Each structure stands twice: as C-alpha cells, then as structure tokens.
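The values are calculated or read from the model by the stated rules, or taken from the named source; none is laboratory data. Since we're looking at a predicted model, the values are computed, not measured. Note that we place each Cβ from the backbone using ideal geometry, even for glycine, and neighbour counts take in every protein chain shown.
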Amino acid sequence: MRSPVWPVGLALAIVWPGSAWSQGVSFEAARLVDDPDWSSYRMVISGRLSGVLGYGLLGSLFRDRGRLDERLWGLGADLTLFRGGQAGPYVVAGLTGGIGTGKAADLWGSWSAGLGYEVYPLSFLTAALEGRWRDLSPGSRSGIELGLRLGLRWGGGPRPPPSGGGSEPQAVPPPRIPDSPLPSGEDPLAVPRDLEPRTGAFTPPGQTVPLLEAVVQTATQVMGTPYKWGGTGEDGFDCSGLIQYAYGEHGIRLPRRSADQAQSGQPVERLVTSLRPGDILTFSTREGPVTHVGLYVGDGQFIHSASQGVQLSRLSNDDPYGRWWWERWVGARRVVD
C-alpha cells in the first residue's frame, strides 16, 4: 500500500456539508499532454456552495491505452470559483483517490489545479475546456492535462417553471409616446452616443418620460422573439441583450453582461411601488450574483428574454408564476432619472 486514499475523504468532508442539491451533471474526458496514451474520464455532479464558490463530486477512471489491463478507479471532489451562471473563465482544484486493477492493483491518489472556460450553447447545455496541472501517484505521473467537458444543468438558468395550475400573466399594450409637439430645439431622445451610465443615473436634456416610454416600447415591439444565448438583435435575445438593445436604440449604451448592468445607474428600493417604467430589474436564479435581468413596464409587470423568448411576466407574490420571479428578485437599477 504505497499511496493512501485520504484525498477522497478530505475532499468530501470539505464539500459535502455546504449543499446537498445538485445543479448539473457532466461528462469529462482528458489527456496528459506529455503522455497522450494516458487518459482520464470523469462523471461529475456539480452544484454551488455559496456566492462564486462551487463544487463537483465525481467518479473517475484513468487508463493507459498501451496497457489495457491497467485501470485506476476512484472518487473525488473539485472546488471551483466563478463557474456557472455566466459564460467565461473559472478556477478549479481537486483531489481524487481510489484503487487500481490489473498491474496497477494498489491504492492511488491525485491532486490537480488549473483554469477552464465555460459556455452555454443552450440554456440547459454546458461545454467547457479545461487545462490542469495533475500529479498522480504512485507512478510519478504528472504534467499538464487538457480536457473537454459536456453537461446538462438545471435550476440555474433564466427559465421560469411551467405555468400550469397558475394564471398566465396578462399582456399589456405597448406604452404610447405622446404625439404632441415638443418645444422648439428639444429632443428627449437626443442623448450622447458614448454614454455608459455605470456609476450614476443620467438625466438627458428635455423631457425624460417620452424617452423611458420609447425604451419600453422598443422592448415590447420585439415580443415573441426567440431566446438566443448571446443574442443582441431581432433574430434572438438573451436577457441582457434585450436590455442593451432597448436602451441602445435610443442612444444609451449599457454594459453587455447582466452582472454589469446590475451595477449601472442608481439603485432603487426593492418595492414595486418604488419602480418606474424603464427600471432594470435584477434577479438571481441561484444564491449568489445576478444571473438575469428584465425591464419594468409598469403595473407590476416586466419584459425579459427567458427560455420561451421575449415575454411579459408579473412581479407578484400572489400567483405561482409571478411568485417564482418574486422570490428571485434581488434589486432594481434606474439608468435614466
């Protein structure tokens, strides 16, 4: 017995108490760069502990294609930072251990650490490329490991539950822009093209009410447009793409990501009575950072792009459909004051 399996017990002891519910399952395949015959396969159940910290509980297999009778079977755990919710880079570190078969019949252990980049081709599908430094013993195998991960996720995307059994939110007509003439020389839509209101609310020249109504109307005019990850145009929108489009059509440039839009303008008290049409509503579909945004249109309703496309939803605790969003509503931002 040259190598104990204490890494497995230690990793599970660290990860397990934090959260028992899972957010996804994935399959990973990887190879050592310096020894391409040596490959690994992992089945991972992943979830979130708190904030940007996540975990993965995994079963693994290591094998050498040149030695078909040599297998290393094991269990392990990963800790991740910044993985999930938004596409982008993340940090991962893990411990694995188990027992070998054939000529590798012995206990073994491994640690690894590295970086990955995750994308969401569909709201329920994940894909990631990982690069880790892996140290495996016994056998003194170590080096850079490159891997590909494909998986399914649930509970974390901007997708409300089916409305069966609850009332569907009622549609409201698009806001009307007053057609009375403005004073000479005043244009409520004439705002700087290079504005990026991240630290404070911006007050454009002239009347602001028509501007906000125009922003909301622009969003309602694309009702029914399908959800498209990364979409910012009328062929498809994601949640932050819709908000950026609605404001951008009227000269106000907003950040691209929902987490950044949640820092734009000024905060608004988390009360429906404090909201005005045009306010950006922020949601967290899991405990942690903002993962979804919508545009308040008035009368307790907001427009957003979710799994069923651009749609109106009600922000209410009185019906099952609206309650799902109400419970995940974390704040509001006012870009135009």
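Scanning the stretch 252-295 for residues that are aliphatic (A, V, I, L, M), in contact (Cβ under 8 Å) with a residue 40 or more places away in the chain, out of contact with any Ser or Thr (no Cβ under 8 Å at 6 or more places or on another chain) and part of a loop (DSSP other than H, G, I, E, B) gives Ile252, Leu275. Residues of the stretch 298-337 that are assigned to a helix (DSSP H, G or I) and among the charged types (D, E, K, R): Arg323 alone. Scanning the stretch 282-319 for residues that are modelled with pLDDT of 90 or more and more than 21 Å from Pro267 (Cα to Cα) returns Ser305, Val310, Gln311, Leu312, Ser313. Exactly one residue among Arg328, Arg314 is free of Cβ contacts under 8 Å to residues at least 60 places away in the same chain and of a type outside the set (Asp, Glu), and that residue is Arg328.
Of all residues in the stretch 324-331, none satisfies being buried (at least 20 other Cβ atoms within 10 Å of the Cβ) and of a type outside the set (Phe, Trp, Tyr).
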